[in-house]
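Q: One structure follows; several queries about it will come next.
Each reported figure results from applying straightforward, stated rules to the coordinates on display, with no laboratory input. Just so you know, these numbers come straight off a predicted model, no measurement behind them. Note: ideal-geometry Cβ built from the backbone for every residue, glycine included; neighbour counts use all protein chains shown.
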Amino acid sequence: MLFTNVGIPGGKEQTSSIRIEGSKIISVGNDSGGNTGDKSDVRINFDGALAFPGLINSHDHLEFNLYPQLADKVYEDYIEWGKDIHLRYSEEIDRVRNVPYPLRYKWGLYKNLLCGVTTVVHHGNGPTLAFRGMPEHYQYYQYLHSVKLHKGWRLKLNTSFNSDPIVIHIGEGTNRSSFKEINNLVKWNLAGKKIVGIHGISMTEKQSKQFLGLVWCPVSNYSLYNKSADIRLLKTHTDILFGTDSTLTGDWNLWNHLRFARKLGDLSDVELYNGITTTAARLWKTNSPYAIAPDGSADIVIAKRKFEDEWESFYSLNPEDLLLVLKKGEIILLDRELGDSVKILQTDKYDLISINAVQKYVTRGIKELAGLINGYLPAYRFPFSII
C-alpha cells in the first residue's frame, strides 16, 4: 500500500508518502518525488490528511466500559469512592456485571479502536482475550491492583523473577493516606522492581524518582477528586504516559481526554503526543521504531486535517474524523467514502457503522456485539449506529 499527501506531526516535510509492505513501513518520502512506490501498490491519496502512529492507551479497564460515570461528590481517595458507588449504585453495577465478561471486554477494545487506539494496556487480572482485527491488549507487565485492595501485594512484589514492570494504582487520592501508600510501596520494593504507577495524584517529586513511569488519567482524576498529579513537576523525573481509564470515570471519547489534558497545560503539545505514542512505546517496549519511519510497525492512523497548524489539527480530532486505522498493516477501520472510492476492502469482513453521521467500515463483529449486549442492557446506547 502507498499512502500519499499526508502530513506527519513533527515531520520535516509539508507532505509525505508512506509505503507499507505486510506489517512494516518500508519507506517514507517527500511527495515531490521521494517515494514513488511500486506499480503493484494500492495507492490512496489523502489530500493533506494527518498520519501518526496508532495510539497507545496506557490505562483502561476493558470490561468496565458499559458503565456510566458513577460519582456524586469529590472524594478523598479510591477507597471512599469505591464504597460510595457500591452503596448508591449497587443495582446499576449488578446489571453491568450480569453481561458476560467476553462481551464487556470486547466492547472495551472496540471503544479504543473507534478512537484510533491500536494498543491498550488493560489493567485487570481477568482472562486475556484476543480478537483478529482489533487493538492489541498489551500483556507484558505484572499486575497489582493497589496497596490497599490487593491482598499479598508485598509478597508478589518481591517474589516474582519476571523482569516485566509492576503496574499498580498508587497515590490515587488527595488525603495523607494516599501519600503514605506511595512511601509504603517504595519501602517494600526490596527487590528493586521497575514500577509503573497509575494516577499518582499525591505523588511528590522525590517519590517520582522511584518509578519507571506514571500513567496520567486527568479526566478520571478530576471527575473523582477534582485534582490530578503535578505533572509539570513529576515529568522531570519519570516518563509520563497517557490513559483514559474506563467509562466509570470518564468519557468514552479519548480525544476529549486529550483536549482536557492539553487545556491543563502541564505537558507541551509534543510531550502529550509522545505520551500516547513514542514515549509509551519505548516504556512498554512494543515496536521499535514506533514512528512513521522506515522499518517502523505499520500501526498507523490517518485522519482529516482541519487546520493548517498540525497540533491544532491533531488535538481537534474526534472518532468521526479518522479516515483509516491500520494494525500491523491490516485495515481495521476505514472511512466509507474512502473505501468505496478505492475499493480495497472485502466488505464482508467489516461492519458498517455511523459515528456522528459519518460512516465507517470497522472490523466485523461490532454489530453482533451490540445486539448481544443490548439483550442484557436494553437501555444501553452505543456511541454509534448500525448501517
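Q: Hey, which aspartates and glutamates would be in cross-link range of Lys304, C-alpha to C-alpha under 19 Å, not counting anything within fewer than 8 residues on its own chain?
A: Glu13, Asp31, Asp47, Asp269, Glu312, Glu320, Asp321, Asp335, Glu337, Asp340
Q: Given the options Val117, Val358, Val219, state which has the largest fluctuation in a GNM of the chain using a 10 Å cut-off (strictly under) for Cα springs.
A: Val358
Q: What is the antiparallel percent of DSSP beta bridges lying wholly in the chain, to the nearest 5?
A: 55 percent
Q: For a test of the definition: using alpha carbon positions, the gyration tensor, and the 1.5 limit on a/c, classify region 305-387 as rounded, prolate or oblate.
A: Values: a/c = 2.32, a/b = 1.38, b/c = 1.68.
Oblate, because a/c is 1.5 or more while a/b does not exceed b/c.
Q: For region 265-365, give the magnitude of the charge dipole about the Cα centre (Cβ charges: +1 Lys/Arg, -1 Asp/Glu; no others), in debye to the nearest 20.
A: 520 debye
Q: Which one, Leu55, Leu345, Leu224, has the greatest fluctuation when you compute a Gaussian network model over the chain with C-alpha springs under 10 angstrom?
A: Leu345
Q: Let me ask something else about it. Can you tell me the alpha carbon radius of gyration of the chain divided by the globular rule-of-thumb value 2.2 N^0.38 Å? Mind showing how you got there, number by number?
A: Details: Rg = 21.0 Å, N = 387, 2.2 N^0.38 = 21.2 Å.
Compared with the compact-globule rule of thumb, the chain sits at 0.99.
Q: Oh, and also: I'd like the distance separating the alpha-carbon centroids of region 328-358 and region 59-116, in whole Å.
A: So the separation of the two Cα centres works out to 30 Å.
Q: Next question, about the same structure. How high is the relative contact order of the chain? Use alpha-carbon pairs under 8 Å, at least six apart in sequence, and give a whole percent.
A: Value for the chain: 20 percent.
Q: With +1 on each Lys and Arg Cβ and -1 on each Asp and Glu Cβ, and nothing else charged, work out how big the dipole of the chain is about its Cα centre, in Debye to the nearest 20.
A: 1100 debye
Q: In whole percent, what relative contact order does region 1-143 give with Cα contacts below 8 Å and a gap of six or more residues?
A: Relative contact order here is 22 percent.
Q: How big is the dipole moment of region 150-277 about its Cα centre under a simple scheme where the beta carbon of each Lys and Arg is +1, that of each Asp and Glu is -1, and everything else is neutral? Debye, nearest 20, please.
A: 480 debye
Q: Sticking with this structure for a sec: If the cut-off is a Cα-Cα distance under 18 Å, which lysines reach Lys194, setting aside same-chain residues fewer than 8 apart in sequence?
A: Reachable lysines: Lys156, Lys206, Lys209, Lys235, Lys285.
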